[in-house]
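> Pasting a structure here, questions to come.
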Amino acid sequence: MRNICFVTGNQNKVIEVKKLIKNFKLISPKDLNFYDEIPETENTIKGNSFLKSSFIYNKFNIDCFSDDSGLFINALGGEPGVKSARYASEISDTEKNINLVLRNLRGEESRSAYFETCICLIIDGNISYFQGSVKGKITTKRVGSRGFGYDPIFIPKGYDKSFAQMSLEEKNQISHRSIATQKLVNFLNQK
Ligand code: ITT
């Protein structure tokens, strides 16, 4: 089976993506003895996904892909968006990020939002992007204990439970990441 590096330090992303990619062996930056954080300085998720993949491709000359994702809240002008990991503080802190979102939306009736993922794949030196998004709304308090990140405050459209109340399989049927990953898988299957 061909190796491909998933350029992420987020184990939760690995767990979700591993369920969907069957024909490639996923390796991690740690398997390459790479433990640094890659700076995410672009102002779009597409730009940041490119930064992560190109960094590893240029350093190790290995086929790889990365996932940059964000939660975009309409009443907050799209925030936290590309800053989702570091919304409340320079060091990524999920508790603080969720508290800040809930505080900023206090008393707000319009709570529509969407998650978006952009995957940047570099294989044989060629770059491709795969996107996925899911619409929904922000709760007024945390619900559920599964998943990660903003999952406890996001209810996808057409459902009455949050991502954090869903099993991995349920989230993987509808999530931004699974939609983008499925497009990646279809592309890789032609390789
Ligand atoms: P890598 O860059 O190392 O992949 P990261 O956690 O920093 O990991 P991002 O830069 O894509 O990932 O930051 C996105 C943040 O948005 C992430 O830290 C989560 O808090 C949140 N997020 C992303 N996907 C999510 C999901 O499926 N459910 C809930 N929150 C999510």
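> Output the 0 to 90 degree angle, nearest 10, between the alpha-carbon long axis of helix 176-189 and the longest principal axis computed from the alpha carbons of the chain.
20 degrees
> Next up: Please report the relative contact order for the stretch 1-138, taking Cα pairs under 8 Å with a sequence separation of at least 6, and give it as a percent rounded to a whole number.
Result for the stretch 1-138 is 22 percent.
> Could you tally the net charge around SER92, taking each other residue with its Cβ under 12 Å from the Cβ of SER92, Lys/Arg +1 and Asp/Glu -1?
-2
> Follow-up. Would you kindly compute the Cα radius of gyration of the chain and its largest Cα-Cα separation (Dmax), both in Å?
Values for the chain (Cα only, Rg and Dmax): 16.5, 53 Å.
> Between beta-carbons, use under 11 Å as the cut-off and find the net charge around ASN23, counting Lys and Arg +1, Asp and Glu -1.
On the way: positive: ARG2, LYS22, LYS25, LYS191; negative: none.
Cβ neighbours under 11 Å give a net charge of +4.
> Pop the C-beta distance of ASN43 and GLN190 into the FRET formula with R0 = 30 Å and round what comes out to the nearest 0.05.
0.40
> A follow-up question, please. Name the residue, out of GLY125, GLY81, GLY158, whose mean-square fluctuation peaks in a Gaussian network model built on the chain with Cα pairs under 10 Å.
Of GLY125, GLY81, GLY158, the most mobile in the Gaussian network model is GLY158.
> Given the -39500 (n - 2.57) contribution per DSSP H run of 4+ residues, what per-residue ellipticity at 222 nm results for the chain, rounded to the nearest 500 deg cm²/dmol?
Per the formula, -9000 deg cm²/dmol.
> Please give the length that would be gained between PHE34 and ARG142 if that part of the chain were fully extended, namely 0.36 nm times their separation in residues minus their C-alpha to C-alpha distance (nm, one decimal).
Taking PHE34 through ARG142 to full extension adds about 35.4 nm, to one decimal.
> Considering only protein heavy atoms and a probe of 1.4 Å, how much of the accessible area of the stretch 120-175 is carbon and sulfur, as a whole percent?
Here carbon and sulfur together make up 47 percent of the probe-accessible area.
> Taking C-beta distances below 4.7 angstrom as the pairing criterion, name the unpartnered cysteines of the chain, in sequence order.
Cysteines of the chain left without a disulfide-compatible partner: CYS118, CYS120.
> How tilted is helix 45-60 with respect to the longest principal axis of the chain? Cα atoms for both, answer in degrees (0 to 90, nearest 10).
30 degrees
> For helix 94-104, report the angle its Cα long axis makes with the longest principal axis of the Cα atoms of the chain; keep it between 0 and 90° and round to the nearest 10°.
40 degrees
The values are calculated or read from the model by the stated rules, or taken from the named source; none is laboratory data. Treat the numbers as computed from the prediction; the structure is a model and nothing was measured. Note that each Cβ is placed from the backbone with ideal geometry, even for glycine, and that neighbours are counted across all protein chains shown. Heads up: the accessible areas ignore ligands, DNA and RNA and are worked out on the full protein's heavy atoms, side chains in. Shrake-Rupley method; radii C 1.70, N 1.55, O 1.52, S 1.80 Å.
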